[in-house]
Amino acid sequence: MDSMPGTKEDVIKFVHDNNVSIINLWFCDILGKIKSFGIPPAQLEVAFDEGLGFDGSSVEGFARIYESDLVAKPIPETFAVFPWMVDGRRTARMICDVLNPDKTPYQGDPRHLLKAALEKLAMDGYTFTVGPELEYFYFKSSDATELLDPAGYFDLVPFDLGSEIRQETVHALQDMGIPVEAAHHEVAPSQHEIDLKYADALTMADRTMTYRFLVKEVARQRGIYATFMPKPVFAHNGNGMHVHQSLFKNGENVFFSSDGSFNLSDVGTGYLAGILRHCREMAAVTNQWVNSYKRLVPGYEAPIYVAWGQRNRSALVRVPMYKPGKAKATRVEFRCPDPACNPYLAFAVMVAAGMKGVQEKYTLPDPVEEDIYLMGETERERRGIEVLPDSLYAGLQVTEQSELVRETLGEHVFTKFLENKYIEWDNYRVQVTEYEIDKYLPIL
């Protein structure tokens, strides 16, 4: 098959020459769920030139009934062919810009918000690069949490079905033009991770959406269920999405300084300080589900304490130690996000927080290398170590007061996101759980 195309004309020719029968047009709602509709090759020209209309009032967080007409306009450089055949024919996907009928960008489109944040960054010559590590579980079905294996971190289990499916997924990612750095078994039984090679944040958000789709689809084709649910199994580690991030300018990593403490430049320390200062405000975006906060508890490697270190994996942010000759690898690793977030919104608030620290020259607190989980509350308070919100509701209360998040997401998405999440919390808090029945019914 020919190499992947990059222009409108290339896409049309490729589709014709390679027997592509359906092109799926993708965009996402404010929660990060893929929305898609398929078109035949005959519709490509119209889609590229004019876009295709859809009812935005039916998409979560999009338009209201009286302003529902929106347009999906495919971006040719995002064209990729799925690595499987349907009835002997190929299918593909393209990611879309969501536009108003007058072809201006729609302010409720999460991808547009990230794009706007990065364009603002580019005015100062910066490129924001990220490398997320998305963890997930394989279960035998979607209605239970029956594990596939008893393995642990980096274990190699002979004839393990999960490892086979993970390898198939790596091949599928590479076939769709998504570079993979590593893949391995994670700490919990039946938990896996595939690390994507770092890229600019917009490209990586697109790849993250595709990654999540491929992980689930390859598993489905093998009769297995894959989930990015933050905490699906009690007493085991949850699924995290550690996000390695850095800023480049003129091809150089501006976080690095051979003279700076911890080999961080003034930009690097300011960015890190910004992440630390605003992380509580971002929590409802980077950890957007009720279930997210079942993962963010002590004892399961999930960082909840607002501190940073180089080797300390109990800290919220880690700065991996500099290796001689590897200045471009200088980065900060933000460890609390989970892989069920909307990557467009999450990356946007991260870079906004970091750049706020750079622009306002925030002071970076001292690193913490001790195990924070072993510290008492008095010691943490003495050292100024705050704690992330402990529930979605607590996170929303902080986010609602955040000018940084409001400005980054824009009034429409900010308001719609909060509305949706408060409804989710209300629906959750009125539930009567098995825990309550088991504990209270026999004694009350």
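When you go through GLY32, GLY108 one by one, which is the residue that is on the phi > 0 side of the Ramachandran plot, under 22 Å from the mean Cα position of the chain (by Cα) and either surrounded by 14 or more Cβ atoms within 10 Å (Cβ to Cβ) or in contact (Cβ under 8 Å) with a residue 12 or more places away in the chain (or both)?
GLY32
What single numbered condition from (1) assigned to a helix (DSSP H, G or I); (2) touching a residue at least 60 places away in the same chain (Cβ under 8 Å); (3) touching a Ser or Thr at 6+ places or on another chain (Cβ under 6 Å) fails to hold for VAL218?
(2)
Identify, from the list LEU121, LEU161, the residue that is in contact with a helix residue (DSSP H, G or I) (Cβ under 7 Å, 6 or more places away or on another chain), touching a residue at least 12 places away in the same chain (Cβ under 8 Å) and either surrounded by 14 or more Cβ atoms within 10 Å (Cβ to Cβ) or more than 30 Å from SER57 (Cα to Cα) (or both).
Criteria check complete, one pass: LEU121.
Identify, please: which residue in the range 178-193 is outside any loop (DSSP other than H, G, I, E, B), among the hydrophobic types (A, V, I, L, M, F, W, C) and at pLDDT below 95 and is, among those, surrounded by the fewest Cβ atoms within 10 Å (Cβ to Cβ)?
Among residues in the range 178-193 that are outside any loop (DSSP other than H, G, I, E, B), among the hydrophobic types (A, V, I, L, M, F, W, C) and at pLDDT below 95, the one surrounded by the fewest Cβ atoms within 10 Å (Cβ to Cβ) is ALA182.
Has the range 296-319 got at least one residue that is in contact with a Gly (Cβ under 7 Å, 6 or more places away or on another chain) and at pLDDT 95 or above?
Checked the range 296-319: no residue is in contact with a Gly (Cβ under 7 Å, 6 or more places away or on another chain) and at pLDDT 95 or above.
Take residues that are within 28 Å of ARG222 (Cβ to Cβ) and of a type outside the set (Asp, Glu) and tell me which of the strands (runs of 3 or more DSSP E) falling wholly in the range 24-113 contain 2 or more.
Output list reads 34-39, 80-86, 89-99.
Can you tell me which residue within the range 48-64, out of those that are modelled with pLDDT under 95 and among the hydrophobic types (A, V, I, L, M, F, W, C), is surrounded by the fewest Cβ atoms within 10 Å (Cβ to Cβ)?
It comes out as LEU52.
Mind checking which residues of the range 201-244 are in contact with a Cys (Cβ under 8 Å, 6 or more places away or on another chain) and not aliphatic (A, V, I, L, M)?
GLY240
Just checking, which of ALA340, ALA329, ALA283 is within 26 Å of GLU186 (Cβ to Cβ), at pLDDT below 95 and either of a type in the set (Gly, Ala, Ser) or outside the structural domain of PRO150 (by TED's automatic domain parsing) (or both)?
The match here is ALA329.
What are the pairs with Cβ atoms under 7 angstrom where one residue, in the range 53-82, is closer than 13 Å to GLN107 by Cα and the other, located anywhere, is at pLDDT below 90 and part of a loop (DSSP other than H, G, I, E, B)? Sequence gap at least six, or different chains.
Once the first residue is closer than 13 Å to GLN107 by Cα and sits in the range 53-82, its partners that are at pLDDT below 90 and part of a loop (DSSP other than H, G, I, E, B) give GLY56/PHE62; GLY56/ALA63; GLY56/SER68; LEU70/PHE62; LEU70/ALA63.
Inside the range 411-423, can you point out the residues that are in contact with a helix residue (DSSP H, G or I) (Cβ under 8 Å, 6 or more places away or on another chain) and surrounded by 17 or more Cβ atoms within 10 Å (Cβ to Cβ)?
Across the range 411-423, the qualifying residues are VAL413, PHE414, PHE417, LEU418, LYS421.
In the range 154-172, is there at least one residue being part of a loop (DSSP other than H, G, I, E, B), under 26 Å from ALA199 (Cα atoms), at pLDDT below 95 and out of contact with any Cys (no Cβ under 7 Å at 6 or more places or on another chain)?
Yes, because at least one residue in the range 154-172 is part of a loop (DSSP other than H, G, I, E, B), under 26 Å from ALA199 (Cα atoms), at pLDDT below 95 and out of contact with any Cys (no Cβ under 7 Å at 6 or more places or on another chain).
So how many residues does the range 397-417 have that are part of a helix (DSSP H, G or I), under 13 Å from VAL285 (Cα atoms) and touching a residue at least 24 places away in the same chain (Cβ under 8 Å)?
9
Which condition does PRO365 not pass, out of (1) in contact with a Ser or Thr (Cβ under 9 Å, 6 or more places away or on another chain); (2) surrounded by fewer than 24 Cβ atoms within 10 Å (Cβ to Cβ), if it passes all the others?
(1)
The values are calculated or read from the model by the stated rules, or taken from the named source; none is laboratory data. Bear in mind the structure is a predicted one, so any value in this text is a computation, not a measurement. No Cβ is skipped: glycine too gets one built from the backbone with ideal geometry, and neighbour counts run over all protein chains shown.
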